[in-house]
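As structure tokens, the structure follows; a few thoughts come after it.
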Amino acid sequence: MTVVGLDDTDSRERGMCTTYVAAQIAERLACDPASDSSPSDPVSRVCLVRLNPAVPYKTRGNAALAIHADVDPDRAFAIARDRLESLAETADERTNPGLVVTGDEPETVPTDVSAFAKRAIREHLSIADATALIDSHDYRSWSAGNGRGRIGALAAIGSWQARSEWTYEYISYRDSSRWGDPRAIDHESVFDAAARGYPDVWDTVDRGEDETVCVPHTPGPILHGIRGDDPDAVQEVANRIEGEPVASSRLFVTNQGTDAHLRNGTIERASDGRAYRLDGRVASEPETRRGGHVFFTFESVPAGESRLECAAFEPTKRFRDRIRALRTGDRLTVCGEVADGTLKLEKFAVRDLVRTERTTPTCPACERTMKSAGRDQGYRCRDCGTSAEGKVERELDRDLEEEWYEVPPCARRHIAKPLVRGGFDAPTRCER
Ligand code: ATP
């Protein structure tokens, strides 16, 4: 078996997409006259691996690709290099493609390579980390620009052994003559197809925003990408979508929707550039700031010594109402990436809600709020002469339950796990 890892081929302005380059390489491997004459496709799978979403060099979703194929590694290297050289948008100086090829079985790559893949999903690695490993295992490799793409390419090679949880994406590509033009897609057909595929197929649309989430807005070659837990179901949904002709399509095995980026942590030790699951308590009333972003302070329990700001940014839309419904003292588990000392919320679980508040008593006779009767002298109604010893407990109306809440599909990060996938430790409020 040969594993071809590649990364960093696209440009935010100029387009392209590493999934497309991988699909092209896979196609060439399948019809290469030099490969074995057996009629079956030598490509067993193509993996789309999302790496640490916090790395600053990413174009969009920090994707890296690996092709598993029963072909000669030298031949695979030549074909992949040829496709990368002609397709990668190297005119953009921020595009630094990398290619790594091994004759190892994907299941038995050396443990330091699978460990590298795990770290690439949660930490920051250097080009030197990647080249040292590539050299130590004598892997074939090629790169352009500063060669940063070799980090993702090597991580993609190690990912099959590093991860056990996989989902699927069925990507349909446009004819190259249409790249950059508006996509012609029948909006209703996407919603109908999404409804039929749910819950095996998720994040296809956002009903609240009336948005076809599966259709990108970028100038690249993708027409739509359908994500889900079942390989047949994602393809069925894709086939039901009406619109411009599909030039080609491919199924990818992915770590999307798995929360692979999250680590269990503590507020005290949470640091920038990593993503966490953290337990604590709301320490300030949520505040909506300019631009519609909602913030609150989160603190450790019981000491309250460590604090971290949490944010639901404007693009998270209706999720912000969940955050605005929080009150000081609520116990939560929050999930998201920390950047500039702020955790960008992806989802949270309410563990314990503050259900009462201490408030100034009202007069039982006239129902007006009592006034202070002086320091340490309780409260008094000046009109009726009634009195109370101190503040009283009042029941609060809460709009939240002890459940998991998530951002809507339109704001989901590729790697973040939608609640509909299940396996959470409390009831879930799924957004769709
Ligand atoms: P593309 O479709 O081109 O893959 P992208 O959004 O996935 O776009 P890239 O253009 O691949 O982003 O840029 C990400 C760069 O960061 C790549 O060069 C990759 O090798 C590198 N990279 C990925 N993960 C890490 C990491 N954990 N530490 C350091 N660098 C990383």
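The values are calculated or read from the model by the stated rules, or taken from the named source; none is laboratory data. Because the structure is a prediction, the values reported are computed rather than measured. Glycine also receives a Cβ, built like all others from the backbone with ideal geometry; neighbour counts cover every protein chain displayed. Surface accessibility is based on the protein's heavy atoms, side chains included, excluding ligands, DNA and RNA. Shrake-Rupley method; radii C 1.70, N 1.55, O 1.52, S 1.80 Å.
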Among strands (runs of 3 or more DSSP E) completely within region 353-425, the ones holding 1 or more residues that are hydroxyl-bearing (Ser, Thr, Tyr) are 356-359, 404-406
Residue hits (region 58-82; part of a loop (DSSP other than H, G, I, E, B), surrounded by fewer than 21 Cβ atoms within 10 Å (Cβ to Cβ) and free of Cβ contacts under 8 Å to residues at least 60 places away in the same chain) are Lys58
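For (1) open to solvent by 50 Å² or more (accessible area, probe 1.4 Å); (2) of a type in the set (Ser, Thr, Tyr), each residue gets a yes or a no:
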residue	(1), (2)
Pro199	yes, no
Val205	no, no
Val234	no, no
Gly243	yes, no
Ala260	no, no
Tyr276	no, yes
Val282	no, no
Can you find even one residue in region 113-120 that is away from the ligand (no atom under 16 Å from the Cβ) and either in contact (Cβ under 8 Å) with a residue 60 or more places away in the chain or open to solvent by less than 50 Å² (accessible area, probe 1.4 Å) (or both)? no
Answer with yes or no whether Ala132 is of a type in the set (Gly, Ala, Ser), modelled with pLDDT of 95 or more and under 24 Å from the mean Cα position of the chain (by Cα). no
Restricting region 323-346 to residues that are polar (S, T, N, Q) and either part of a strand (DSSP E or B) or open to solvent by less than 20 Å² (accessible area, probe 1.4 Å) (or both), the one farthest from Lys417 (Cα to Cα) turns out to be Thr342
Selection over region 112-164 where residues are hydroxyl-bearing (Ser, Thr, Tyr) and out of contact with any helix residue (DSSP H, G or I) (no Cβ under 6 Å at 6 or more places or on another chain) yields a count of 5
Exception for Cys17 within (1) surrounded by fewer than 22 Cβ atoms within 10 Å (Cβ to Cβ); (2) modelled with pLDDT under 95 falls at (1)
Phe296 meets each of (1) over 25 Å from Glu211 (Cα atoms); (2) part of a loop (DSSP other than H, G, I, E, B); (3) without any contact (Cβ under 8 Å) to a residue 60 or more places away in the chain with one exception, condition (2)
Matching residues in region 26-41 (part of a loop (DSSP other than H, G, I, E, B) and either open to solvent by 20 Å² or more (accessible area, probe 1.4 Å) or near the ligand (Cβ under 10 Å from one of its atoms) (or both)) number 10
Per the filter on region 51-69, residues more than 8 Å from the ligand (Cβ to nearest atom) and at pLDDT 95 or above are Ala66, Ile67, His68, Ala69
